[in-house]
Structures are given as structure tokens and as C-alpha cells.
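Following: one structure in C-alpha cells, then a few remarks.
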Amino acid sequence: MRAKSSDSTAAVLLTVLAGSLLIPLLLVGGIFLIIGLNTGSGPGAYTVIFAKAGDECGAKGQYLDTSTGKPLQCMGPGGFRTSSLEFPGFSREQNDDVRRWLTKLAEDGDLSVFDHRSVQAKIDGIAAGLPPGTRVEPESGSTKIWIGAALTAVGLSLCSGFAWRWYQNRRTGY
């Protein structure tokens with residue numbers, strides 16, 4: 001049996017429709033997956049990063065001089081940035097406690113790697129004791145991962161459905 005020209009036109013229209021639906025669906029799903037997997041991998045609000053003057057800094061975290069523990073002024077993605085030793089949810093006394101601890105560790109003239117870890121441990125300890133609602137939680141990419149996985153799964157399901165229908169039509173001659 002010979003296929004009608006209207007059948008081939010319908011097949012072309014379905015192919016164009018499928019392509020215009022599937023490609024964006026798969027691309028958006030993939031983008032959501034990539035963003036979701038990379039969310040939360042950077043420093044959080046309670047992370048201290050020890051760097052040298054002139055180093056680049058990110059948008060999050062507190063950048064401190066590696067040898068003195070003083071807040072750094074550095075260039076980052078948003079331009080010029082000055083760090084401070086003010087952590088979200090910390091009281092004035094808690095922030096002062098961190099400053100005193102840094103000053104005490106820097107008395108011998110240099111901060112070692114163990115001093116860096118000690119400062120981060122102190123900050124983590126204070127942050128862990130903050131009441132619920134005052135602690136800034138790190139970003140989670142789980143929602144974006146679920147959205148990306150769902151969009152990608154729907155796109156792949158539709159793609160396989162169209163491919164299966166095309167194969168069936170080719171086999172039967174329609």
C-alpha cells in the first residue's frame with residue numbers, strides 16, 4: 001500500500017513539533033541538572049577563607065589574611081569586596097569572641113594551617129549552637145536537581161515514544 005502525500009506532510013509536521021518540544025525540554029532539563037549539582041559547592045556564610053592580599057575572592061565567605069587573620073580587601077566577581085568578621089546570626093559577643101581568638105592566635109606573628117582550622121572550628125561551633133531560624137543554612141540544589149531530572153526524563157520518554165512510533169510506521173510501510 002502506498003502512503004498518501006497527506007500522511008508524509010503529517011509526519012513532517014509531527015517531526016517538527018517533536019523537535020521543537022523535545023530539544024528545549026532536554027536542554028532546560030540538562031541546565032537545571034547542572035545548576036542543581038553545582039549549587040552549594042561554594043563557601044557558606046560561616047566559612048572563613050584564608051588568602052593573601054591581591055588574591056581573588058568569591059561572593060560568599062569571609063576572606064582573612066593568611067598570616068595576620070585581618071579581614072582582606074579583594075577583587076571578586078562583583079567587584080571590590082571588603083570582608084568583615086560579622087557572621088549572620090552571631091551576637092556582638094560571639095563576633096568579638098572570634099576576633100579575640102584570631103588576635104590570640106596571631107600573637108606569635110603568623111597563623112599556621114592548624115590555626116586556620118582552629119578558627120573555622122570555633123566559628124562552626126558557634127554557628128551550630130545558634131537557635132533555629134537565625135542560622136543561615138547553605139543552599140541546596142535538590143529542588144533544581146529534581147526539576148532537571150523530571151524534565152529530562154519526560155523529554156527522553158517522549159523522544160523514545162516518537163522513535164518507537166517512527167520505527168513501527170517504517171516497518172509496516174505507513
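Since every read-out is calculated from the coordinates, none of them should be taken as a lab result. Just so we're clear, the structure is a prediction, and the values are computed from it rather than from any experiment. Heads up, the Cβs are rebuilt from the backbone with ideal geometry, glycines too, and the neighbour counts pull from every protein chain shown.
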Task: Lysine pairs within region 48-128, Cα separation less than 17 Å, 8 or more sequence positions apart or different chains - done: 6
- [ ] Along Cα→Cβ, 7 Å out, is where each label goes; now give me the distance between the ones at residue 34 and residue 120 in nm to one decimal.
- [x] 2.8 nm
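For residue 149 and residue 27 in the same chain, what is the full-extension length gain: residue separation times 0.36 nm, less their Cα-Cα distance, in nm? Can you show the working numbers first?
Numbers: separation 122, 0.36 × 122 = 43.92 nm, distance 1.14 nm.
So the chain would gain 42.8 nm between residue 149 and residue 27.
According to the square roots a ≥ b ≥ c of the eigenvalues of the Cα gyration tensor, what is the shape class of region 112-174, taking rounded for a/c under 1.5, prolate for a/b larger than b/c otherwise, and oblate for the remainder? Can you show the working numbers first?
Working: a/c = 11.51, a/b = 3.74, b/c = 3.08.
It is prolate, given that a/c is not under 1.5 and a/b is the larger ratio.
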Task: DSSP bridge orientation in region 48-128 - percent antiparallel, rounded to nearest 5 - done: 50 percent
- [ ] Take every Cα-Cα distance within region 48-128, group them into 5 Å bins from 0 onward, and report for each bin the whole-number percent of pairs it holds.
- [x] 3, 16, 28, 24, 19, 10, 1
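I'd like to compare 44-56, 99-111: which one has the highest average count of other Cβ atoms within 10 Å, and what's the full order after that?
Working: 44-56: 15.6, 99-111: 13.6.
Result, highest mean first: 44-56, 99-111.
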Open item on the list: Using Cα-Cα distances under 8 Å and only pairs 6 or more residues apart, what relative contact order does region 48-128 have, in percent?
Closed with: 24 percent
